[in-house]
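The values are calculated or read from the model by the stated rules, or taken from the named source; none is laboratory data. Keep in mind that what you see is a predicted model, and the values were worked out from it rather than measured. Don't worry about glycine lacking a Cβ; one is built from the backbone with ideal geometry, like all the others, and counts go over all protein chains shown. SASA here: full protein model, heavy atoms, side chains in, ligands and nucleic acids out. Shrake-Rupley method; radii C 1.70, N 1.55, O 1.52, S 1.80 Å.
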Amino acid sequence: GYAGVVRFRGVRIGGISGIFKSHDYRKGHFECPPYNQQTIRSAYHVRNIEVFKLKQLKHPIDIFMSHDWPRSIYHYGNKKQLLKMKSFFRQEVESNTLGSPAASELLQHLKPTYWFSAHLHVKFAAFMQHQTNSKEELPKATKFLALDKCLPHRDFLQIIDVEHDPSAGGSLEYDAEWIAVLKATNSLINVTQSSWNMPENNGLHAKWDYSVTEEAIKEVLEELNHNLTIPCNFTLTAACYDPSKPPKQVKPVHTINPQTTEFCAQFGLTDINDRIQQAKEESSGRGEYEEEEEEMDSTGSAEEPSDYNTDNSGLSSINPDEIMLDDEGGDEDLSTCSVDPSPDHPPDFSASFSDIRIMPDSMAVSSDDATDSNNEEVEKSGLSKQAEEKNLNERPLKRIGGDENGNSGVKKIKRRNQAIYAAEDDDKTE
């Protein structure tokens with residue numbers, strides 16, 4: 001889901017989905033099919049409610065996963081090598097703006113043993129020694145690892161041995177503390193586009209601490225009869241694709257997942273997918289939903305750039321979801337690739353977990369980060385409609401098939417790593 005914690009053979013694994021965008025961070029989860037050009041992107045933007053829920057955890061986390069890198073993590077590894085591989089990161093690294101401030105806040109709070117991320121398409125390892133809050137507290141450290149894209153000649157795989165309970169069963173299990181936190185924060189669910197702040201100790205909230213007691217955790221265990229095994233209750237909600245029977249073009253509908261329904265019913269939680277659908281129907285009945293969509297579209301462009309700067313001289317647009325318009329060759333712009341192994345650039349296969357530093361205060365998400373609507377975006381939204389249309393028309397679209405005379409061919413949408421081993425020529429281009 002948006003965020004969660006599970007256990008496997010005694011290993012506690014947490015994670016948060018999506019990428020950080022300041023203009024959506026304080027909104028509720030309101031997106032559902034059919035999506036428009038804005039909601040198809042904002043649906044996978046991290047929200048403050050998920051960060052808040054994860055920050056209620058007190059018990060140690062073994063592994064944490066995020067798509068974004070935590071901001072500032074690049075200061076705890078081989079930064080020189082990173083900038084050699086991705087030179088266009090330099091400006092954001094030097095200004096300490098690369099990565100997610102929300103993920104950094106979680107890293108500072110959870111202090112997991114391992115943290116794994118993706119998104120930036122380069123292998124990078126770091127070792128971070130956390131500060132202790134008291135003399136009695138044992139110092140904790142986090143080993144961070146990000147890997148490259150899953151393509152030939154790229155560093156996309158590394159094996160790590162993690163301490164676990166060999167006598168434990170081989171099934172995924174619920175995490176009792178996380179379930180208790182979900183129950184405690186159930187009343188905070190927001191399915192609107194309105195921005196809101198999480199409860200904090202500032203005199204404006206009657207309650208701001210939603211962490212759970214050992215008694216609440218015990219109640220969850222009793223509800224489950226101490227059987228934490230996650231049931232294998234997958235149910236098809238859409239017909240499998242059959243290439244011999246092309247599907248008819250129908251308008252997408254919002255399907256409620258039976259697994260989610262059962263999960264929420266079991267623990268007395270609000271099914272957020274069902275609640276989003278209800279809110280949408282209520283708004284449509286009052287004629288409000290269309291107005292909300294128009295207002296939302298004005299806050300961002302149709303081609304929303306990534307939070308992470310890329311080599312703008314070589315790319316005209318970046319879609320953070322990795323979907324792109326591509327021609328048949330599937331070539332990738334060399335300016336966004338990491339350096340392939342060569343005599344001049346030998347691959348570094350070591351984890352490089354030797355550089356120990358103390359986490360700076362800059363890794364915490366500030367109110368400016370959370371509430372900033374980005375001056376550039378405000379300026380863009382203030383442009384006249386004619387100017388926006390002109391800019392979009394003048395912007396050259398990258399990776400659209402066409403001949404030398406500029407006649408565009410049929411647009412083909414695919415993911416970058418689709419058919420990566422299809423032909424030898426494709427490998428050479430990488």
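Scanning segment 49-96 for residues that are farther than 30 Å from Phe30 by Cβ and part of a loop (DSSP other than H, G, I, E, B) yields Lys58, His59, Pro60, Asp62, Ser72, Asn78, Lys86, Ser95, Asn96. Between a first residue in segment 143-156 that is closer than 15 Å to Met65 by Cα and a second residue that is surrounded by 20 or more Cβ atoms within 10 Å (Cβ to Cβ), which pairs have beta carbons less than 6 Å apart while being 6 or more apart in sequence or on different chains? Matching pairs, first to second residue: Phe144/Ile73; Phe144/Trp115; Phe144/Ala126; Leu145/Ala125; Ala146/Ser117; Ala146/Phe124; Leu147/Lys123.
Within segment 210-231, if we keep just the residues that are without any contact (Cβ under 8 Å) to a residue 60 or more places away in the chain, within 18 Å of Cys264 (Cβ to Cβ) and in a loop (DSSP other than H, G, I, E, B), the residue that is most open to solvent (accessible area, probe 1.4 Å) turns out to be Pro231.
Among the residues making up segment 51-104, those that are open to solvent by less than 10 Å² (accessible area, probe 1.4 Å) and among the polar types (S, T, N, Q) are Ser72, Ser100, Ser104.
Ile189 meets all of the listed conditions (1) touching a residue at least 60 places away in the same chain (Cβ under 8 Å); (2) closer than 18 Å to Val6 by Cα; (3) surrounded by 13 or more Cβ atoms within 10 Å (Cβ to Cβ) but one, namely (2). Annotation: Glu31 fulfils all but one of (1) open to solvent by 10 Å² or more (accessible area, probe 1.4 Å); (2) among the charged types (D, E, K, R); (3) modelled with pLDDT of 95 or more; the unmet one is (3). Closer than 30 Å to Pro252 by Cα and either in a helix (DSSP H, G or I) or open to solvent by 10 Å² or more (accessible area, probe 1.4 Å) (or both) - does that describe any residue in segment 120-141? Among the residues of segment 120-141, not one is closer than 30 Å to Pro252 by Cα and either in a helix (DSSP H, G or I) or open to solvent by 10 Å² or more (accessible area, probe 1.4 Å) (or both), which makes the answer no. Exactly one residue out of Ala176, Ala180, Ala146, Ala184 is under 20 Å from the mean Cα position of the chain (by Cα) and surrounded by 13 or more Cβ atoms within 10 Å (Cβ to Cβ): that is Ala146.
Within segment 105-112, not a single residue is of a type in the set (A, V, I, L, M), surrounded by 21 or more Cβ atoms within 10 Å (Cβ to Cβ), over 20 Å from Arg12 (Cα atoms) and modelled with pLDDT of 95 or more. In segment 100-119, the residue that is nearest to Phe52 (Cα to Cα) out of those that are without any contact (Cβ under 8 Å) to a residue 60 or more places away in the chain and either touching an Asp or Glu at 6+ places or on another chain (Cβ under 9 Å) or not in a helix (DSSP H, G or I) (or both) is Lys111. Residues that are farther than 22 Å from Asn197 by Cβ, among the charged types (D, E, K, R) and in contact with a strand residue (DSSP E or B) (Cβ under 8 Å, 6 or more places away or on another chain) within segment 11-50 comprise just one, Arg12.
Report yes if some residue within segment 88-107 is over 20 Å from Lys21 (Cα atoms) and among the hydroxyl-bearing types (Ser, Thr, Tyr); otherwise report no. Checked against the condition, which is being over 20 Å from Lys21 (Cα atoms) and among the hydroxyl-bearing types (Ser, Thr, Tyr), segment 88-107 yields no hits at all. Taking residues in segment 15-41 that are in a loop (DSSP other than H, G, I, E, B), and partners anywhere that are surrounded by 21 or more Cβ atoms within 10 Å (Cβ to Cβ) and hydroxyl-bearing (Ser, Thr, Tyr), the pairs with Cβ atoms closer than 7 Å and at least 6 places apart or on different chains are Phe20/Ser100; Asp24/Ser42; Glu31/Ser42.
The single condition among (1) basic (Lys, Arg); (2) closer than 19 Å to Val6 by Cβ; (3) loosely packed, with under 12 Cβ neighbours inside 10 Å that Lys207 does not satisfy is (2).
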